[in-house]
Amino acid sequence: MSETVSLRQLTNQLDLLEEKAVKDISQAVEEKSLEELRVGFLGKKGSVSKILGSMGSLSGEERPVIGQRANLLKNQIQKLISERLNDLKTKALRELVAKETIDITVPVKGIPLGHRHPLITTTEQIVDLFCGLGYSVEEGPEVENDYYNFAALNIPEDHPARDMQDTFYLGGNLLLRTHTSPVQIRYLEKTPPPVRIVSPGRVYRRDAVDATHSPVFHQVEVLAIDEGLDFSHLRGTVMAFLKAFFGDLPVRFRASYFPFTEPSAEVDVQWRGKWLEVMGCGMVDPSVLEGLGIDSEKWTGFAAGLGVERFCMVRHGIDDIRRLYTSDLRFLEQF
């Protein structure tokens, strides 16, 4: 500016600079642009500083007028920049919120992946071990009749053994099976020896619910019939299976009674310092074979049965059978 610049001219320049600042700041769309405008208006070489540098031609009374006007303009520009910056930040936040908002009423896409229940995996492990020993898998109905569930297994009507397997009767001759042994009878009716089968499935008994009992549980039963089979074959098979499943736990056989096997035994493993029953087994009673038209002089066999829940509890250190049925994800997600 020349030294002949008047008070009016400088005042007009400040007025025009104010209009330009209001316009440019209101049109800024990002923080970087606002910073550039701040430097352009208020920096050491900015527009306001240039105007103030032209006050040399003014009188002592006029200079305070321009200085006061320039200070007001500086404050105004700083306020406009601050307000515009807040507006831009608020707008950006709203856009981010709108973009990342989750509508919880929208149905989920796809089904989250889960994993198999410990009872299912335990059953599969047991069956796989017997399949590795040459057994095939057979299944049968859960709703059975009296003949397959009791009579064909040497448990006639009014036999005391029925009290140990009190079940749910559905009327007439139908009932919910108490074991998977009926599968063996059905299989032998249509398949002559030699046979080696394993029959997994759900069974029912009228048991009170507690930490070790449930009215609904799962069994895996084993049947082998061939020429020359004896108790040593049964013992060897059971020992090989238990070692493969549990490892080197101590095992013992105890004499027991089952109507459809003779001789019969209970099998215990030593777990947590105590003997725990895990299986029942025995040689198939000749009367069962004869009832199916099988020559018991030529063919002999053995059978064994186990509770999947008991094996699962020992394998995973579960202290209460009810945990397997409550569908508590905090429990199930451990497996």
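Please treat every number below as a calculation from the coordinates, not as lab data. These numbers come from a predicted model, not from an experiment. In this analysis, Cβ positions are derived from the backbone assuming ideal geometry, glycine residues included, and neighbour counts consider all displayed protein chains.
So the values come out like this:
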| quantity | calculated |
| --- | --- |
| Euclidean distance between Cα centres, the range 115-159 to the range 216-253, Å | 14 Å |
| Ranked list, fewest to most other Cβ atoms within 10 Å of each Cβ, for Thr237, Thr261 | Thr237, Thr261 |
| Residue-by-residue Karplus 3J(HN,Hα) for the range 178-190, coefficients 6.51, -1.76, 1.60, Hz, glycine and proline x | 9, 7, 9, 4, x, 4, 5, 5, 4, 5, 5, 5, 10 |
| Over the range 7-100, equivalent-ellipsoid semi-axes from the Cα gyration tensor in Å | 34, 11, 9 |
| Inter-centroid distance (Cα atoms) of the range 258-335 relative to the range 10-85, Å | 93 Å |
| Amide H within-cut-off set for Trp271, under 5 Å, with H built and near neighbours excluded | Leu276 |
| Amide H contacts of Thr167 (H built 1.01 Å from N, under 5 Å, at least 5 apart or other chain) | Arg206 |
| Cβ charges +1 (Lys, Arg) and -1 (Asp, Glu), total dipole of the chain, debye | 2680 debye |
| Within a Gaussian network of the chain (alpha carbon springs, distance under 10 Å), most fluctuating of Lys298, Lys32, Lys274 | Lys32 |
| Estimated distance in nm for a label pair at Asp319 and Leu96, the labels positioned 7 Å out from Cα along Cα-to-Cβ | 4.8 nm |
| Counted charge near Val137, where neighbours are those whose Cβ lies closer than 12 Å (Asp, Glu -1; Lys, Arg +1) | -4 |
| Stretch gain in nm, segment Asp128-Leu292, where the contour uses 0.36 nm per residue and the Cα spacing is subtracted | 56.2 nm |
| Rounded to whole Å, sorted largest first: equivalent-ellipsoid semi-axes of the chain, Cα gyration tensor | 96, 20, 17 |
| Top of Val203, Val65, Val308 by mean-square fluctuation, Gaussian network on the chain, Cα under 10 Å | Val65 |
| Gain upon complete extension [Glu189, Gln270; 0.36 nm per residue less C-alpha separation] | 25.3 nm |
| Distance (nanometres) between label positions extended 7 Å along Cα→Cβ at Lys50 and Tyr257 | 11.6 nm |
| Prolate/oblate/rounded call for the range 34-73, Cα gyration tensor, a/c under 1.5 rounded | oblate |
| Sequence-distant residues sharing a close amide H with Ser136 (under 5 Å, placed H) | Arg196, Ile197, Val198 |
| Fluctuation leader among Ala304, Ala28, Ala208 - the chain, Gaussian network, Cα springs under 10 angstrom | Ala28 |
| Using θ = phi - 60° and Karplus 6.51 cos²θ - 1.76 cosθ + 1.60, couplings along the range 44-52 (whole Hz; Gly, Pro as x) | 4, 10, x, 5, 5, 5, 4, 5, 5 |
| Within-14-Å neighbourhood charge of Arg323 [Cβ basis; K, R +1; D, E -1] | -2 |
| Where labels lie 7 Å past Cα in the beta-carbon direction, separation of Leu249 and Asp103 in nm | 5.4 nm |
| Estimated 222 nm signal from helices in the chain, with DSSP H stretches of n ≥ 4 weighted -39500 (n - 2.57), rounded to 500 | -13500 deg cm²/dmol |
| For the range 114-181, alpha-carbon Rg and Dmax in angstrom | 15.5, 47 |
